[in-house]
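Below is one structure, written out as structure tokens; the observations come after it.
Every number here is computed from the coordinates shown, using simple stated rules; none is lab data. It should be emphasised that the depicted structure is a prediction, and the values quoted were computed from it without experimental measurement. All Cβ positions, even for glycine, are placed from backbone atoms using ideal geometry, and neighbour counts span all protein chains on display.
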Ligand code: GLC
């Protein structure tokens, strides 16, 4: 299995394609669109959760890990999906939400009914002597991280929504149950696992107050603790590690390079790669997500550079991405899709995909889907969005300002239904979609893109080049022009080959002086979205232009 040559496509199942008119995407809908994904050229699809769930957090509140919610299809549909994917040489990655279960899960329900075996599956604690909550921790979705455990005197921990109860991994029985889940899906033909917020499973058995609720210091009390590595190794040995054809990726909240290397260096036998998020916090005002300043470009470059160098030096492996179901659309965030839809989208895609790691494409990226900019809070569905809208108002932010922050940062910005064509609801559903379609669907949709657009085709080429050029897949990384305020530049190198990537992140035309090492050498333009054809000591880059030049001393 050649991780470095693969490209993974993320399917947000609920918003991808509805086959039965209930307004929710489903597995038969995914099956229908597999030929489209094969045409794009991806090797694997990561499917967001479709297990039975009350959907308080869009399926990340799992009520049964080994079944399929009838709203999304049946086990027969899943088996059919595996077959159709095999015919198209596409593998399946499942989403494993192991930090917490839904409070509807049988384990939690048995615990509530008084079964002590299952009570030990969760973090249950009494109030402090003064009657206050067991610790002062904040939930990541806003409000306290503890809720009353039924009618008892106890509280249960929930780092996320109040319906997502944290599992007690200290209990070996819990770990065994979760390993069984992995093996269940492996026998169904799954070839990959994405582990949700995996680095927060290692809470200390003795939970203590933090210096400040919600602070970085608080997160350090339960993030990346040494025992996480131990438990991942154990899980690896008991399941996917017994095979050599399984790809795993851990979603690592607020992690650092040192831990990133340990999670993903093959000799550690933990995971194939990790998602880290620091590069997507460059438009947070003083670390606060619910704000909307211009993004800090130098910081974006510095963070990507730090991770590229650090993971390369430590033989770790990055997941490469700018989009997912928790992030605003990157073209709306870092570019100008109104005036430069093609240039913005392809520039961002090329910049990220030619780095060292495995690229992930989030559904709709390949046709340039944007944030929907809904003007009414009621058009948003996400629990985190609603909690934070209320928190903003409570802080005295005006409703208009709060809405503009929600438009920029809500997780629903990327969860709107996939835009297939210009028929009602963008051809996503014959019924009422669970979340409104973005209003620009008559202009931005798959049908139109395939007949007259250039973004999809550019993505096809990026994917193809990764397979053809070893320097893209395996080359080392070296950052260039790190202080340049408009251009991101780097070089990938392997043996006698080099790949120079230059990306202009702003409108307007700029002149750039190239480092001398690239001058007067024969270079081939591999791909680009703008006019630049050749390298000189001084070059010009058009708005949002990206270009990659290939040097081969042997040729
Ligand atoms: C991850 C998921 C996100 C979910 C959270 C809690 O961050 O990507 O969608 O809300 O974990 O499970």
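Points to keep in mind about this one:
- Against the rule of thumb 2.2 N^0.38 Å, how large the Cα Rg of region 193-236 comes out: 1.26
- Over region 373-413, all Cα pairs binned in 5 Å intervals from 0 give whole-percent P(r) values of 5, 29, 40, 20, 5, listed from short to long.
- Folded to 0 to 90 degrees: helix 399-409 orientation relative to the chain principal axis, Cα: 70 degrees
- Computed on the Cα atoms alone, the convex hull of region 231-316 gives a volume of 105 cubic angstrom per residue.
- Region 391-541: C-alpha pair distances exceeding 23 Å, %: 60 percent
- With contributions of -39500 (n - 2.57) from each DSSP H run of at least four residues, the per-residue ellipticity at 222 nm computed over the chain stands at -8500 deg cm²/dmol.
- Between helix 383-394 and the chain there is an angle of about 90 degrees, using the helix long axis and the longest principal axis of the Cα atoms.
- Global form of region 106-166, assessed from the alpha-carbon gyration tensor, a/c cut-off 1.5: oblate
- Size descriptor, Kirkwood hydrodynamic radius, that averages inverse alpha-carbon separations across region 325-437, Å: 15.3 Å
- Size descriptors for the chain, from the alpha-carbon set: Rg then Dmax equal 23.4, 77 Å.
- Once the Cα-Cα distance is subtracted from the 0.36 nm per residue extended length, the residue 206 to residue 117 segment shows a gain of 30.1 nm.
- Two-site FRET efficiency, residue 233 against residue 536, from Cβ-Cβ distance with R₀ of 30 Å, rounded to 0.05: 0.05
- Antiparallel DSSP beta bridges within the chain, as percent of all bridges there, nearest 5: 60 percent
- Gain on full stretching of the segment that runs from residue 470 to residue 393 - 0.36 nm per residue minus C-alpha separation: 22.5 nm
- The P(r) of region 473-552 has a tail past 22 Å containing 17 percent of all C-alpha pairs.
- Residue 152 paired with residue 286, simple spin-label distance in nm, labels 7 Å along Cα-to-beta-carbon: 4.0 nm
- Helix 27-40 and the longest principal axis of the Cα set of the chain meet at an angle near 20°.
- Inverse of mean 1/r across different Cα pairs in region 140-250, Kirkwood, Å: 15.7 Å
- Of all DSSP beta bridges confined to region 473-552, the antiparallel ones make up roughly 100%.
- The stretch between residue 520 and residue 378 holds 45.3 nm of extra length on full extension. This uses 0.36 nm per residue minus the Cα-Cα distance.
- Point-to-point label distance, residue 296-residue 457, nm (Cα→Cβ direction, 7 Å offset): 4.0 nm
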